[in-house]
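Report on one structure; see the data block that follows.
Nothing in this text is a laboratory measurement; each read-out follows from the coordinates by a stated rule. Just so it is clear, the model here is predicted, and its values are computed rather than measured. Every residue, glycine among them, receives a Cβ derived from its backbone with ideal geometry; neighbour counts consider all protein chains shown.
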Amino acid sequence: MRIGKDLVAAAATPLVLGILSEGESYGYAILQRVSALSDGQLEWSDGMLYPLLHRLERQGQIEAAWGSSPTGRPRKHYRLSSAGTAALADHHRQWTVVSDALSRIWDDRSSFAPAGA
């Protein structure tokens with residue numbers, strides 16, 4: 001299934017903040033976690049993730065620090081800041097409203113029937 005670009009973009013920030021609420025992580029691991037959480041339905045690229053991480057860092061929602069990987073190569077690690085925790089809570093409230101509204105409309109199976117049927 002193809003998930004629309006607008007929906008992916010809308011979900012990107014709360015997904016990354018949610019992943020970082022689980023603990024510190026780095027780019028490749030975040031990409032892998034997104035894939036795992038979506039059962040492989042969301043496959044993000046570096047080109048989508050890193051601009052988002054940089055924006056969240058500029059906004060103070062995440063903090064970054066250079067560390068090393070098990071192979072000794074430098075790797076940038078990201079963690080949620082207190083502002084990011086507050087932003088995640090706000091996203092959660094917003095998505096709950098949207099999810100509840102969609103559930104209500106989708107629970108009414110007649111809403112999928114063609115008009116006049």
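Put in order of Cβ neighbour count within 10 Å, fewest first, the listed residues GLU22, GLU57, GLU43 become GLU22, GLU43, GLU57. Model label points for SER69 and LEU102, set 7 angstrom from Cα along the Cα-to-Cβ axis, are 3.4 nm apart.
Helix 82-107 and the longest principal axis of the Cα set of the chain meet at an angle near 20°.
Net charge within 10 Å of GLU57 by Cβ-Cβ distance, Lys/Arg positive one each and Asp/Glu negative one each, not counting GLU57 itself? All intermediate terms of the calculation are to be shown ahead of the outcome.
Values: positive: ARG55, ARG58, LYS76; negative: GLU63.
Here the charged neighbours net out to +2.
For the chain, the longest principal axis of the alpha carbon atoms and the long axis of helix 5-21 meet at an angle near 50°. I need the fraction of alpha carbon pairs in the stretch 1-106 separated by more than 21 Å, rounded to a whole percent. Counting every Cα pair in the stretch 1-106, those more than 21 Å apart make up 38 percent. Result for the chain in a Gaussian network model with C-alpha springs under 10 Å: among LEU52, LEU42, LEU102, the largest mean-square fluctuation is at LEU102. Amide H to amide H distances under 5 Å link TYR26 with TYR78, where only residues 5 or more positions off or on other chains count and H is placed in the peptide plane.
Kirkwood Rh and Cα-based Rg: tell me the resulting Rg over Rh for the stretch 45-98, rounded to two decimals. Walk me through the intermediate numbers first.
Details: Rg = 13.8 Å, Rh = 12.6 Å.
When Rh is taken as the Kirkwood radius, the ratio is 1.09.
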